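Participant: I am attaching a structure below and will ask some questions about it afterwards.
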Amino acid sequence: MAVLTIAKSIAQAIAEEMERDPSVVVLGEEVAAAGGTYGATSGLLDRFGEARVKDTPISEGIIVGAAVGAAMNGLRPVAEIMGINFAFLAMDMIVNHAAKVHSMFGGQFRCPLVVRTTSGGGRQLGATHSQTVEHLFAHFPGLKVVCPSTPADAKGLLKAAIRTDDPVMFVEQATMYSLRGEVPDDKDFLIPIGKSDVKRRGRHVTVVAYSNMVEISLKAATELAKDGIECEVIDLRSLRPLDLDPVFESFKQTNRAVVVEESWPTYGVGAEVATRLYEECFDYVDAPIQRVAQKEVPLPYAANLERAALPQVADVVRAVKAVL
Amino acid sequence: MAEVVPMPKLGFDMKEGTLVRKLKQVGDAVAKGEIIAEIETDKATVELEAYVGGVVKGWVVDEGTPVPVGSPMLVIAEPNESVDIQALTGRAPGGANPSPAPAAAPAPAAPAATAAAAPTGQILASPVARKMARDAGLDLAQIGGTGPNGRVVKRDVEAFLQNAPPAAPAAAAPAPRPAPAVIPAAVTAEDEVVPLTKLRSIIARRMAESTQTVPAIYLTIEVDMAAAMALRKQVNALLPDERKASVNDLVVKAVGLALRQFPNLNASFGGDKLIRHGHVNVGVAVAVPSGLLTVVTKDTDVKPLAQLAAEVKPMVARAREGKVQPADIEGSTFTVSNLGMYDIEHFTAIISLPEAGILAVGAVKEVPVVREGQIVPGTRLKMTCAADHRVTDGAEVAQFLQSIKKALEEPLRLLV
Amino acid sequence: MDKAEMLELYRQMVLIRLFEEKCEELYQKGKIGGFMHLYIGQEATGVGAVAARQPQDSLITGYRDHGIALAAGMSARTAMAEMLGRVTGCAKGKGGSMHLADINLKFWGGHAIVGAQIALAAGLAWADQFRQTAGCTLCFFGDGATNISYFHEALNLAAVWKLPVVFICENNKYGMWTPVEKVSAVTEIRRKASAYAIPSDSADGMDLLDVRAKTAAALAHCRAGNGPYFLEVHTYRYRGHSMGDQRPYRTQEEIRKWQAEDPIGKFEKVLLDSGIAPAEIDRVDDEVKAIMADAVQFAEASPVPDDSEIWTDIYVEN
């Protein structure tokens, strides 16, 4: 196993799949000559050539539009939208077309498409460039939405995403590209989409998170363990399909849960997970489920303001103590 | 890092255990693996090993208290670590005996005498606390709530269930087990009155319970052991002492194979259902100075014979020395009792609930047998199976015994 | 063109006309639901353009899709069953009027979000270019769709990547109820293509042979690897934007003027001029009437999808 950053593990996953399947193609802004704004497509142009690794105009609608059409007609495009904030410009293509061409035409068409994009705040980019909105896409049946939290998960999940015949939003986190971790070399290392993963065992409180919030939750769990509080940290890994079985199982032992998300709480992942817990595990609830999330404001620029608005380790610690 | 040590689960059917004796007091240093307490279960009294090292910071249950599996008993932490026992265990540091607990700081949310009522007059309780109270037939109003706003939470119900005086009027505690019927005997000056040991009283209770509740049937079969004895001799010649197989090991292995074939014998009666156990774990009854213990072989059906033998020997030795470990006695799904070493030809045994059967094995004897009209020397073993007729029927038990017989008479089956 | 082919193209136009008249009737009887947009008046565009394609060429259009579907070769039975929401429909009753498609005919569908098919067409063409299938894509859209971002993004990408796609604007003079000149800065739509350096031409949408010839030339341009081509077809929809459109945004005089140019009548004259007997034309008319009677009977006799069908075809891999 090699130790790789998330950016490198993504580039490796794409390269392996391009090698394996000649119908895999890459398109997006700055993905070819520049190797991706975060380096996640670095080296692909030299290796696979201009026909398979294509720079596009700054036109999100047609990036995804062309990718959907090509996917219907036999290619397996991996389209990059530089930031999820710009995915709003392709929102129609993603939710009205990618998500629907299979079902709306009675199963005739397939859309084996991956839209890779970057979500999240914390880099002082101001309100329009810092949003965490992958859950909006997870609202739509027909799409799969995947959010890795480690380099190994990023590789295994992306390879699975490229191989699935369904459209996948693969949402990376901007502050995590340099996160390092062991990544299996196996060219068939796949992590099935739609399986949550217990990242830490514990019996007092169930902490549910995904993407970079897993890291924050694990840090909080380490801190809480000093006080004898053992958190079970569960990484959702995909928001759709949403696998809550491990969450239910854990909650039946702990009777207490905290859901951690970077986006705003209203209509969010925490709301969904908490509701499902109340529906499925009502007789196991021992304390109101807590949500840790972003303050309900457009994210400001000043570093201290941005920090104050985004969920921090201390917020998770506080929420865990509140449910005990 | 503070570790809350709960009442361990020492068997698949164990629901609670009694803390018999604390072997470490508050402030004592404990090494990982050191014995910290004696726990009495339905089956035996076992020693509890610490799975972490540190210092005992507090006990939250008293000696003699029954404790549900998983409920906290004590806290072990680093020597200099300050520990909030109340926060960790949801219970005030207790343990009135044998040493008074160090003066604990008053818990921030001291249990209210009765559950707080919301302004509407409703009793505040979490859903899980409500369900537990409902299941146990408790009145929520009697349980002190320690949650926010005096809400009754899970730990409050657990604490109440543990500490409730048996006569508490509203608390319909689980029905007490029926005590063995005792017909008092007159005691004269020549008589000696010996108080029952813990193990003896457990055996008394459980054996009476079994005969009172189980409609048992008894079937006996005779097995030609000549081939098995010959094979054992050959096999043992190749094995070091600690792996040599006894006659009983052969029988246990044969029973394990037969149980996989007859899942109704590897089962428990569940009132309105039958629980067929996924694992085949054959228990071996062992006579010990104060009574009887059953040590358990795990996955007996798939474990090689030599490994089985190598595992049983040390377990039997520990049982006889009174040093049995929790793992030695947990999880049995069927028991074999062998009195062959006492030259007993044939006997019946009492089923150990919740198992569905027990096999009583006699001695291997040289006997005259008739073969083709001639009396010739033969090697024979008699075994009697007692089975729970609620779970199985005579014909099935008969086939089960035939399967054991076949395995022993064609003993290569035990090795493959 | 030989006589048989001319009669076949005539047959297709009449089939579209009668199919839609039957749809109008069934809609008014409440048997067809949802939005329904009729193609009547525009038959020569669809039939003429599709007649120029080769089997490897793809077709894609917007929500006014009955004409392209039937010209592509979809049977009246399959199309009508879809209109009635039956399990025998081309999309098993899941698409409806606006979402006819048949992958085997390389007809990639009616798409109901205005202009989306233009973006999808770029992708279809890209896949054909990449896979070197020699296939081109004929992409149909209305004048209204040329003001939406997809149009501009797709034309730009198609030009930059030299994609084999013929953009066919069916300029029927109105986007919903609004005339072109009120919403488009450029009313000669083909001039928009020049912004992306895409060569263009215009065709008479009431003249099947003109549309067919211009489309054939456009396809030849694309197939030679020259990149996209733009064809503006001037046509007219006799009916409203969709069913129930009774708005007085155009005059009866205007409608009558276009109907005098009716593409079917015009082509019938071509047939007669080329020596085809009136009886042969009558026979085609009768044949189409029989096809339509059979299609309606088939659709009405077909079962509706089982309720459990809501859970199928959501994902390929669950």
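The values are calculated or read from the model by the stated rules, or taken from the named source; none is laboratory data. The structure presented is a predicted model; accordingly, all values stated were derived computationally and were not measured. Cβ sites come from the backbone with ideal geometry, for glycine too, and all protein chains shown count toward neighbours.
Participant: If we keep just the residues of the stretch C:41-66 that are of a type in the set (Gly, Ala, Ser) and away from every other protein chain (no Cβ under 14 Å), which is farthest from residue C:260 (Cα to Cα)?
Facilitator: C:52
Participant: Still on this structure, I have one more. How about the stretch B:2-21: which of its residues are in contact (Cβ under 8 Å) with a residue 60 or more places away in the chain, in contact with a strand residue (DSSP E or B) (Cβ under 8 Å, 6 or more places away or on another chain) and either within 22 Å of residue B:87 (Cβ to Cβ) or part of a loop (DSSP other than H, G, I, E, B) (or both)?
Facilitator: B:2, B:3, B:4, B:5, B:6, B:7, B:8, B:10, B:13
Participant: Now for a separate question. For the stretch A:160-211: of the residues being among the aromatic types (Phe, Trp, Tyr) and not assigned by TED's automatic domain parsing to the domain that holds residue A:244, which is surrounded by the most Cβ atoms within 10 Å (Cβ to Cβ)?
Facilitator: For the stretch A:160-211, the residue satisfying everything is A:170.
Participant: Which one is nearest to residue B:128 (Cα to Cα) among residues in the stretch B:139-157 that are surrounded by fewer than 20 Cβ atoms within 10 Å (Cβ to Cβ) and within 14 Å of another protein chain (Cβ to nearest Cβ)?
Facilitator: The initial filter retains those residues of the stretch B:139-157 that are surrounded by fewer than 20 Cβ atoms within 10 Å (Cβ to Cβ), namely B:139, B:141-142, B:144, B:148-149.
With within 14 Å of another protein chain (Cβ to nearest Cβ) added as a condition, the list becomes B:148-149.
Details: B:148: 15, B:149: 17 Å.
Of everything passing the filter in the stretch B:139-157, B:148 is nearest to residue B:128 (Cα to Cα).
Participant: If you go through the stretch B:316-353, how many residues are surrounded by fewer than 20 Cβ atoms within 10 Å (Cβ to Cβ), in contact with a helix residue (DSSP H, G or I) (Cβ under 6 Å, 6 or more places away or on another chain) and modelled with pLDDT of 90 or more?
Facilitator: Looking only at that region, the number is 1.
Participant: Quick check, is residue C:54 surrounded by fewer than 24 Cβ atoms within 10 Å (Cβ to Cβ), of a type outside the set (Phe, Trp, Tyr) and at pLDDT 95 or above? I'd like the intermediate steps shown before the answer.
Facilitator: Working: surrounded by fewer than 24 Cβ atoms within 10 Å (Cβ to Cβ): yes; of a type outside the set (Phe, Trp, Tyr): yes; at pLDDT 95 or above: yes.
Answer is yes for this residue.
Participant: Looking at C:299, C:224, C:217 in this structure, which one is touching a residue at least 12 places away in the same chain (Cβ under 8 Å), under 30 Å from residue C:164 (Cβ atoms), small (Gly, Ala, Ser) and out of contact with any Gly (no Cβ under 6 Å at 6 or more places or on another chain)?
Facilitator: On the way: C:299 fails: under 30 Å from residue C:164 (Cβ atoms); C:224 fails: touching a residue at least 12 places away in the same chain (Cβ under 8 Å).
The match here is C:217.
Participant: If you check A:9, A:42, which single one turns out to be more than 30 Å from residue C:151 (Cα to Cα), away from every other protein chain (no Cβ under 14 Å) and in a loop (DSSP other than H, G, I, E, B)?
Facilitator: Working: A:9 fails: in a loop (DSSP other than H, G, I, E, B).
Step by step, each of A:9, A:42 is checked, and only A:42 is more than 30 Å from residue C:151 (Cα to Cα), away from every other protein chain (no Cβ under 14 Å) and in a loop (DSSP other than H, G, I, E, B).
Participant: Would you mention how many residues in the stretch A:85-98 are more than 7 Å from every other protein chain (Cβ to nearest Cβ) and surrounded by 24 or more Cβ atoms within 10 Å (Cβ to Cβ)?
Facilitator: Looking only at that region, the number is 4.
Participant: Here is a further query. Output the residues belonging to the stretch C:182-200 that are touching a Ser or Thr at 6+ places or on another chain (Cβ under 8 Å) and surrounded by 15 or more Cβ atoms within 10 Å (Cβ to Cβ).
Facilitator: C:184, C:189, C:190, C:192, C:193, C:200 - these are the residues of the stretch C:182-200 that are touching a Ser or Thr at 6+ places or on another chain (Cβ under 8 Å) and surrounded by 15 or more Cβ atoms within 10 Å (Cβ to Cβ).
Participant: Within the bounds of the stretch A:68-78, is there any residue that is part of a helix (DSSP H, G or I) and either more than 8 Å from chain C (Cβ to nearest Cβ) or out of contact with any helix residue (DSSP H, G or I) (no Cβ under 8 Å at 6 or more places or on another chain) (or both)?
Facilitator: no
Participant: Now for a different question. In the stretch C:178-207, what count of residues is obtained for those that are closer than 17 Å to residue C:235 by Cβ, touching a helix residue (DSSP H, G or I) at 6+ places or on another chain (Cβ under 7 Å) and in a helix (DSSP H, G or I)?
Facilitator: 1
Participant: Continuing with the same structure: Looking at (1) over 26 Å from residue C:98 (Cα atoms); (2) surrounded by 24 or more Cβ atoms within 10 Å (Cβ to Cβ); (3) of a type in the set (Lys, Arg), which one does residue A:47 not meet, given that it meets all the others?
Facilitator: (2)
Participant: Tell me the helices (runs of 4 or more DSSP H) entirely within the stretch A:196-298 that contain at least 2 residues that are in contact with a Phe, Trp or Tyr (Cβ under 7 Å, 6 or more places away or on another chain) and under 30 Å from residue B:135 (Cβ atoms).
Facilitator: A:245-254, A:269-280
Participant: Then there is this: What about residue A:63, is it in contact with a strand residue (DSSP E or B) (Cβ under 7 Å, 6 or more places away or on another chain), closer than 24 Å to residue C:136 by Cα and not in a loop (DSSP other than H, G, I, E, B)?
Facilitator: For residue A:63, the condition - in contact with a strand residue (DSSP E or B) (Cβ under 7 Å, 6 or more places away or on another chain), closer than 24 Å to residue C:136 by Cα and not in a loop (DSSP other than H, G, I, E, B) - is met.
Participant: Is it the case that residue A:108 is surrounded by fewer than 24 Cβ atoms within 10 Å (Cβ to Cβ), facing chain C (nearest Cβ under 7 Å) and either free of Cβ contacts under 8 Å to residues at least 24 places away in the same chain or closer than 29 Å to residue A:179 by Cα (or both)?
Facilitator: Taking the combined requirement at face value, the residue satisfies it.
Participant: Surrounded by fewer than 19 Cβ atoms within 10 Å (Cβ to Cβ) and not hydrophobic (A, V, I, L, M, F, W, C), is that true of residue A:139?
Facilitator: Yes.
Participant: Now, a different point. Quick one: count up the residues across the stretch A:1-30 that are surrounded by fewer than 21 Cβ atoms within 10 Å (Cβ to Cβ), small (Gly, Ala, Ser) and more than 21 Å from residue A:111 (Cβ to Cβ).
Facilitator: 2
Participant: Here's a follow-up. In the stretch C:165-189, which residues are of a type in the set (D, E, K, R) and more than 15 Å from residue C:118 (Cα to Cα)?
Facilitator: Hits for the stretch C:165-189 are C:173, C:181, C:182, C:188.
Participant: Could you check, for the stretch A:257-266, whether at least one of its residues is within 14 Å of another protein chain (Cβ to nearest Cβ) and out of contact with any Lys or Arg (no Cβ under 9 Å at 6 or more places or on another chain)?
Facilitator: Taking the stretch A:257-266 first, the residues within 14 Å of another protein chain (Cβ to nearest Cβ) are A:257.
Add one more test, that the residue is out of contact with any Lys or Arg (no Cβ under 9 Å at 6 or more places or on another chain), and what stays is A:257.
Within the stretch A:257-266, one or more residues are within 14 Å of another protein chain (Cβ to nearest Cβ) and out of contact with any Lys or Arg (no Cβ under 9 Å at 6 or more places or on another chain).
Participant: If you don't mind, there's one more thing I want to ask. Could you tell me whether any residue of the stretch B:298-308 is farther than 23 Å from residue B:411 by Cα and either assigned to a loop (DSSP other than H, G, I, E, B) or hydrophobic (A, V, I, L, M, F, W, C) (or both)?
Facilitator: Checking the stretch B:298-308: not a single residue is farther than 23 Å from residue B:411 by Cα and either assigned to a loop (DSSP other than H, G, I, E, B) or hydrophobic (A, V, I, L, M, F, W, C) (or both).
Participant: Out of the residues in the stretch B:41-62 that are under 22 Å from residue B:162 (Cα atoms) and aliphatic (A, V, I, L, M), state the one that is nearest to the chain's Cα centre (by Cα). Give the derivation first.
Facilitator: To start, the set of residues in the stretch B:41-62 that are under 22 Å from residue B:162 (Cα atoms) comprises B:41-48, B:56-62.
From the residues that got through so far, the ones that are aliphatic (A, V, I, L, M) too are B:44, B:46, B:48, B:56, B:60-61.
Details: B:44: 7, B:46: 10, B:48: 14, B:56: 27, B:60: 24, B:61: 21 Å.
Among those that are under 22 Å from residue B:162 (Cα atoms) and aliphatic (A, V, I, L, M), it is B:44.
Participant: Okay, moving on. Of (1) within 14 Å of chain A (Cβ to nearest Cβ); (2) under 20 Å from residue C:241 (Cα atoms), residue C:126 satisfies all except one. Which?
Facilitator: Among (1) within 14 Å of chain A (Cβ to nearest Cβ); (2) under 20 Å from residue C:241 (Cα atoms), residue C:126 violates only (2).
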